[in-house]
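Student: Let me begin by handing over the structure; questions about it come next.
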Amino acid sequence: MLGQWMVSPVHQCCCRPGPPNHQRPSGTLGEGELLEEKMPGEVGNSNVEVMVDNLRTAFAIRGHLPVGPRERMVPTYATADSEVLHGEPLFSGNILQLTLGESIHEMRLLLHVNGFSLTPVNTNIHGHAGSAPCSLSTAWSPFSLVEKCQVKTMRNSSYWAVFKLTVFRKEGQDRCYYFATTGCNAYKERDRWVLEMVTAIGNVTTSLFPPHAITVEPLPGVSQTSTRIMAGYLLQSESCDNVSLFYCELHAYSAGEARLAIYHDEWCEQEVNSVHLADKSTVSTRKGAYCTVFGVDHHRFCARTREEKDLWLRAVSNIKVKLMFDAPDPTDEELQIFRAAVHERIGELEYKREDGKDPLLSQVPRLPPMSPRGDYWDPDPMEDMADAPGMSWDQQDDGGNGHSHAVAVSGRLGPEDCRKLLQTVVSSKMSKDAEATGGAASHAAMLRIDGGTAVAAAPAEQEPYVKAPASLFLQV
């Protein structure tokens with residue numbers, strides 16, 4: 001541990017405001033002073049500073065600590081059918097919905113900013129009479145595929161234009177929706193529907209990502225990022241049709257395997273999960289008019305744009321090819337070459353996002369962890385035990401009926417009833433003990449219960465307070 005501390009040029013990282021660079025006199029930065037590190041393209045002064053040994057190692061630092069996250073939790077968003085659609089429809093019209101091998105219905109399709117709805121226009125056009133159409137309202141899912149289909153087996157197929165919307169799910173079967181436009185302008189109308197649908201899904205997807213850029217350099221002082229090839233935010237499909245936002249990091253191959261690390265955020269302090277890559281791993285994606293989804297074995301991820309999906313897919317595929325041919329572990333120089341190639345592709349990406357734009361999907365609330373229930377007792381309701389007319393608790397006890405009933409239901413008595421019962425038993429026991437020892441029973445007075453100790457009033461010649469024996473309470 002000490003050797004690693006001496007070798008690393010970074011001794012300590014701190015987040016505190018420091019003097020800006022333009023206020024430092026030129027050539028006044030000496031050894032051991034704080035060097036301000038500014039993010040590329042950042043306007044203003046950075047609050048992140050690192051302490052370095054000397055100037056030569058200072059300019060060798062390439063990584064930058066990211067801005068601290070606003071919330072230290074994984075945001076999760078819902079794409080269920082019960083989501084409420086917001087605002088006025090962006091695009092609407094009548095369209096045919098196809099259920100393969102069953103029926104064709106004319107539906108009213110409304111595209112909203114966060115989802116779409118389907119409403120039947122009339123009765124069944126063609127197909128089984130019992131397959132009546134149903135209304136539908138669902139949110140857009142980033143894990144969607146929009147593709148155009150060809151119709152070859154129908155008559156007058158040139159007047160039919162079909163497109164398909166597929167929603168990939170982690171649990172259950174994927175949802176598929178087939179739509180068709182008809183008439184002389186069928187293909188033109190289909191292209192308009194596809195364009196509007198792709199735009200809406202793309203806006204929802206980008207709204208779930210924070211403003212960030214894919215990076216290739218490891219974080220200073222974070223050893224687990226030393227073999228990073230590329231890192232950035234990705235959406236992952238979860239149960240109950242939810243999607244969660246994670247920070248993913250692709251590592252270089254080593255000892256015949258590689259991995260895709262999944263963190264809470266870009267500080268990479270807590271690793272949530274890890275996807276291992278091997279020569280037999282399945283890397284998949286789908287082609288269509290729109291798809292930002294790719295898979296590694298049974299894990300499905302969604303990138304911010306189609307260009308970023310292609311970048312992730314190419315990097316993962318290159319790692320798999322290296323593993324298939326048993327390539328030796330990369331050296332530090334080869335790692336720099338890999339990162340330079342990815343960085344060049346990142347520079348070709350064009351992405352613009354308005355700051356402060358809220359997510360278009362509703363966020364799933366974070367429930368507190370379940371705590372132990374502890375002792376749980378729900379007694380049956382108890383009828384009030386009324387005293388018999390003209391009889392006290394002592395008289396009921398002497399008769400045997402009242403006391404035996406009270407003991408049987410003592411667990412269901414109130415505080416006042418328990419106090420009376422305890423006074424009755426104590427007075428009866430002390431009276432019997434006094435008679436057995438020859439003492440005067442007439443000197444016994446009203447008892448007082450104080451902190452679990454029974455106290456009796458005594459005559460002047462005796463001790464003022466007498467404690468009852470412990471066995472007395474055991475009998476109660």
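The values are calculated or read from the model by the stated rules, or taken from the named source; none is laboratory data. All of these numbers come straight from a predicted model, not from anything done at the bench. Backbone-built Cβ (ideal geometry, glycine too); neighbour counts: all protein chains shown. Quick note on the areas: whole protein, heavy atoms, side chains included, nothing else; ligands and nucleic acids left out. Shrake-Rupley method; radii C 1.70, N 1.55, O 1.52, S 1.80 Å.
Student: For the range 199-216, how many residues meet the condition of being touching a Ser or Thr at 6+ places or on another chain (Cβ under 7 Å) and in a loop (DSSP other than H, G, I, E, B)?
Tutor: 0
Student: Among the residues of the range 203-216, write down those that are surrounded by fewer than 16 Cβ atoms within 10 Å (Cβ to Cβ) and closer than 17 Å to ARG339 by Cα.
Tutor: The one that is surrounded by fewer than 16 Cβ atoms within 10 Å (Cβ to Cβ) and closer than 17 Å to ARG339 by Cα: ALA213.
Student: Six or more apart or on different chains, Cβ under 7 Å: which pairs go from a residue in the range 280-293 that's over 19 Å from ASN203 (Cα atoms) and modelled with pLDDT of 90 or more to one that's part of a loop (DSSP other than H, G, I, E, B) and not hydroxyl-bearing (Ser, Thr, Tyr)? Could you list them?
Tutor: The qualifying pairs are SER281/ASP297; THR282/ASP297; THR285/CYS291.
Student: I would also like to ask the following. Any residue in the range 373-395 that is modelled with pLDDT under 65 and under 28 Å from SER239 (Cα atoms)? Steps first, please.
Tutor: Residues of the range 373-395 that are modelled with pLDDT under 65, as a first pass: 373-395.
Then keep just the ones that are under 28 Å from SER239 (Cα atoms); that gives 373.
Yes, the conditions are met somewhere in the range 373-395.
Student: Evaluate the following for SER239: is it over 25 Å from LYS322 (Cβ atoms), open to solvent by less than 50 Å² (accessible area, probe 1.4 Å), touching a Ser or Thr at 6+ places or on another chain (Cβ under 7 Å) and among the hydroxyl-bearing types (Ser, Thr, Tyr)? Reasoning before the result, please.
Tutor: On the way: over 25 Å from LYS322 (Cβ atoms): yes; open to solvent by less than 50 Å² (accessible area, probe 1.4 Å): yes; touching a Ser or Thr at 6+ places or on another chain (Cβ under 7 Å): no; among the hydroxyl-bearing types (Ser, Thr, Tyr): yes.
When the stated conditions are applied, SER239 does not pass them.
Student: Moving on. Is it fair to say CYS248 is open to solvent by less than 10 Å² (accessible area, probe 1.4 Å), under 28 Å from GLN363 (Cα atoms), at pLDDT below 95 and touching a Phe, Trp or Tyr at 6+ places or on another chain (Cβ under 8 Å)? Give the steps one after another, and end with the answer.
Tutor: Details: open to solvent by less than 10 Å² (accessible area, probe 1.4 Å): yes; under 28 Å from GLN363 (Cα atoms): yes; at pLDDT below 95: no; touching a Phe, Trp or Tyr at 6+ places or on another chain (Cβ under 8 Å): yes.
Considered against the rule, which asks whether it is open to solvent by less than 10 Å² (accessible area, probe 1.4 Å), under 28 Å from GLN363 (Cα atoms), at pLDDT below 95 and touching a Phe, Trp or Tyr at 6+ places or on another chain (Cβ under 8 Å), CYS248 comes out as no.
Student: Under 8 Å between Cβ atoms, at least 6 apart or on separate chains: pull out the pairs that start in the range 216-227 with a residue that is under 16 Å from SER274 (Cα atoms) and in contact (Cβ under 8 Å) with a residue 12 or more places away in the chain and end on any residue that is open to solvent by less than 50 Å² (accessible area, probe 1.4 Å) and charged (D, E, K, R).
Tutor: Qualifying pairs under 8 Å: THR225/GLU249.
Student: Further, regarding this structure: Would you pick out the residues in the range 111-134 that are under 30 Å from SER207 (Cβ atoms) and either hydroxyl-bearing (Ser, Thr, Tyr) or modelled with pLDDT under 90 (or both)? Give the steps one after another, and end with the answer.
Tutor: Applying the first criterion (under 30 Å from SER207 (Cβ atoms)) to the range 111-134 yields 111-119, 134.
Answer for the range 111-134, where residues must be under 30 Å from SER207 (Cβ atoms) and either hydroxyl-bearing (Ser, Thr, Tyr) or modelled with pLDDT under 90 (or both): SER117, THR119, CYS134.
Student: Give the number of residues within the range 251-269 that are among the hydrophobic types (A, V, I, L, M, F, W, C) and exposed (fewer than 15 other Cβ atoms within 10 Å of the Cβ).
Tutor: 1
Student: Further question on the same structure: Within the range 143-202, count every residue that is of a type in the set (A, V, I, L, M) and within 30 Å of CYS240 (Cβ to Cβ).
Tutor: Counting residues in the range 143-202 that are of a type in the set (A, V, I, L, M) and within 30 Å of CYS240 (Cβ to Cβ) gives 9.
Student: Continuing with the same structure: What about MET324, is it at pLDDT 75 or above, in contact with an Asp or Glu (Cβ under 8 Å, 6 or more places away or on another chain) and not charged (D, E, K, R)?
Tutor: On the way: at pLDDT 75 or above: yes; in contact with an Asp or Glu (Cβ under 8 Å, 6 or more places away or on another chain): yes; not charged (D, E, K, R): yes.
Considered against the rule, which asks whether it is at pLDDT 75 or above, in contact with an Asp or Glu (Cβ under 8 Å, 6 or more places away or on another chain) and not charged (D, E, K, R), MET324 comes out as yes.
Residues checked against (1) among the hydrophobic types (A, V, I, L, M, F, W, C); (2) under 14 Å from SER254 (Cβ atoms); (3) part of a helix (DSSP H, G or I); (4) within 30 Å of the chain's Cα centre (by Cα):
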position	(1), (2), (3), (4)
LEU313	yes, no, yes, yes
ILE319	yes, yes, yes, yes
ALA327	yes, yes, no, no
PHE338	yes, yes, yes, no
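Student: Okay, next question. Within the range 270-277, is even one residue open to solvent by less than 10 Å² (accessible area, probe 1.4 Å), at negative phi and among the acidic types (Asp, Glu)?
Tutor: No: the range 270-277 contains no residue that is open to solvent by less than 10 Å² (accessible area, probe 1.4 Å), at negative phi and among the acidic types (Asp, Glu).
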